[in-house]
Amino acid sequence: MADHPETELVPYVRGELAPAERERVTRHLDECPDCRQDAEGLRELLMKLSRSVPVEPRVNWGSYRAELRDKLAARRARRRAWWSQPLPVALAASFAGVLLVFGVWGGWRSPGGVEPVTTEEATIGRRLGLLQEYSVVERLDLLEEFDVIRNLDQVAETQEG
Amino acid sequence: MEPTDEVLCQRVAARDEAAFDLLVGRYQERAYRLAWSILRNAEDARDLSQEAFIRLYQSAGSFGGRAKFSTWFYRILVNVCLDDRRKSRGWRLWVRDEPDPDTGESLLDRQPAPAADPVDALGRERTVSKLWAAVDRLTPQQRAAVILQVQEELPTAEIAAVLKCSEATVRVHLHRALQTLRKTMETS
C-alpha cells in the first residue's frame, strides 16, 4: 500500500485537493481503514470547532476608531520630529563637508599647462559639481552655501576667462 | 459602485484619509476578532489590531496588488500578534474565562446556544471549553492555522499566503494541530 496521505486528509475533507490528488487519496481511503477513520475523525473535529468558535468580547467601535486616529497621529508626529532633530542635519552637513574635501583635493591634482587658480576659486568651482547632486543639496542647511549660489554667475565667468 | 479593497489601499498609499477610514470600517471587526482568537485578551487584541491598521497605513505603498488585500492585511495582523506572543512568550495560555466588559458574561456564556437537554448541554459546553483550551495550548503557528481555517474559513492556499509559508507547511501545521486536539479530547 502507498504511504499514508496524512497531511492531505484535512484538505481532502475540506474539498481543497486538485482532482488528481483527490482521486489518489480516495483510492487510498478505499483500501485503508485506519486512514478512513482518521479522515472521519478530522471531519467531525473540524465541524465541532467551526460550530463552537468562541465569541469575542464586545467593543465600542466609536472609541476604538478614536483611539486608532490618536495613535496614528502620534506616530506621524514622532516620524516628523525625528527628521528635525540635530543629528540628521549634522550628518548631512558632515557628508557635504566630505564631498567638499574631495572636491578641493581633486582641484589640486589638475593636469599641467592649465592656469593655476586660487584656492578659493578652486573650492567654489568644485562646489558647482555639488549643486548637480540635487538630492544632497536639498538636504543642506549651511548658510555659506547661499553665498556660492548667489555668486554662481561670477564664478562661471572666472572659469571661462 | 463601492471601491474595492485593493483600490482603497492604493488611495491610502496616496494618503487619502477617507479611503483609510473606509478600509478600517470594513475590517475592524474581523481584525479584532482574529486578534482576540490568537491572543485571548481583549486589551491586547484591541492594541494589536490597531497596530496592524497603523502598519497598513504606513506600508500601503508596498501592497503590489498581486495578492488579495485581505490576505495581505491578515498577514500584517497575524505577524503583529505572533511577534507579540514571541516577545512575551505567553502563548501557552489556558483559555481565560474573560468576562465581557459590558455585560459581564463569561466566555462559556458567550458560546452558541445549548441544546434543549440541560445535561447534554452541560456536557457539550465542557467539551467545547476543553477543546478551545487545547487550541490555546497549540504552538502559535498551529493555532493561527487552525483559527484561520475554522473561524475565517480560509482555504489552505490563502492560509499559506497569510503565514508566509508553503501550502505543504500549512498542511503539516493543521495535521499536527488537529492530531493534538484529537488526542486531548480522547484522553479527557
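Every number here is computed from the coordinates shown, using simple stated rules; none is lab data. Just so we're clear, the structure is a prediction, and the values are computed from it rather than from any experiment. All Cβ positions, even for glycine, are placed from backbone atoms using ideal geometry, and neighbour counts span all protein chains on display.
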### Summary
A chain fully extended from A:D34 to A:R78 at 0.36 nm per residue, minus the present Cα-Cα distance, gains in nm 9.9 nm
### Message
Could you derive backbone 3J(HN,Hα) for region B:171-178 from the dihedral phi with the Karplus parameters 6.51, -1.76 and 1.60 (θ = phi - 60°), listing whole Hz in sequence and x where the residue is Gly or Pro?
### Response
4, 5, 4, 5, 4, 5, 4, 5
### Query
Can you give the Kirkwood hydrodynamic radius of region B:6-83 from its Cα pairs, in Å with one decimal?
12.4 Å
### Query
Suppose R0 equals 41 Å; then what is the FRET efficiency for B:T71 and B:T127 from their Cβ-Cβ distance, rounded to the nearest 0.05?
0.80
### Message
Please list, in order along region A:47-61, the HN-Hα scalar couplings obtained from phi with the Karplus expression 6.51 cos²θ - 1.76 cosθ + 1.60 (θ = phi - 60°), rounded to whole Hz, x for Gly and Pro.
### Response
5, 4, 5, 4, 7, 10, 4, x, 8, 6, x, 6, 10, 8, 5
### Cβ-derived FRET efficiency at R0 25 Å, A:N60 paired with B:E17, nearest 0.05
0.70
### Query
For B:T184 and B:R55 in the same chain, what is the full-extension length gain: residue separation times 0.36 nm, less their Cα-Cα distance, in nm?
42.7 nm
### Query
What does the highest-first list of A:56-65, B:59-68, B:126-135 look like by mean Cβ count within 10 Å?
B:126-135, A:56-65, B:59-68
### Flagged links, alpha-carbon separation over 18 Å, of A:K71/B:K68; B:K68/B:K164; B:K87/B:K164
A:K71/B:K68; B:K87/B:K164
## Note on the structure
Amide H neighbours of B:L154 at under 5 Å, excluding residues fewer than 5 places away on the same chain, with H built from the backbone geometry, are B:Q149
### Task
For B:K68, list long-range residues whose amide hydrogen, built 1.01 Å from N in the peptide plane, is under 5 Å from its own amide hydrogen.
none
### Summary
Counting other chain Cβ atoms within 10 Å of each Cβ in A:59-69 and taking the mean gives 5
### Task
Would you please give the FRET efficiency between A:H4 and B:K164, computed as 1/(1 + (r/R0)^6) with r the Cβ-Cβ distance and R0 = 41 Å, to the nearest 0.05?
0.90
### Positive minus negative residues near A:R75 (Lys, Arg vs Asp, Glu; Cβ under 15 Å)
+3
### Message
Full-extension gain between B:R26 and B:T139, please, as 0.36 nm times their residue separation minus the C-alpha to C-alpha distance.
### Response
37.7 nm
### Message
Please compute the average number of Cβ atoms from other chains found within 10 Å of each residue's Cβ in peptide A:41-50.
### Response
5
### Task
Given the peptides B:45-57, B:164-176, arrange them by the average over their residues of other C-beta atoms within 10 Å, most packed first.
B:45-57, B:164-176
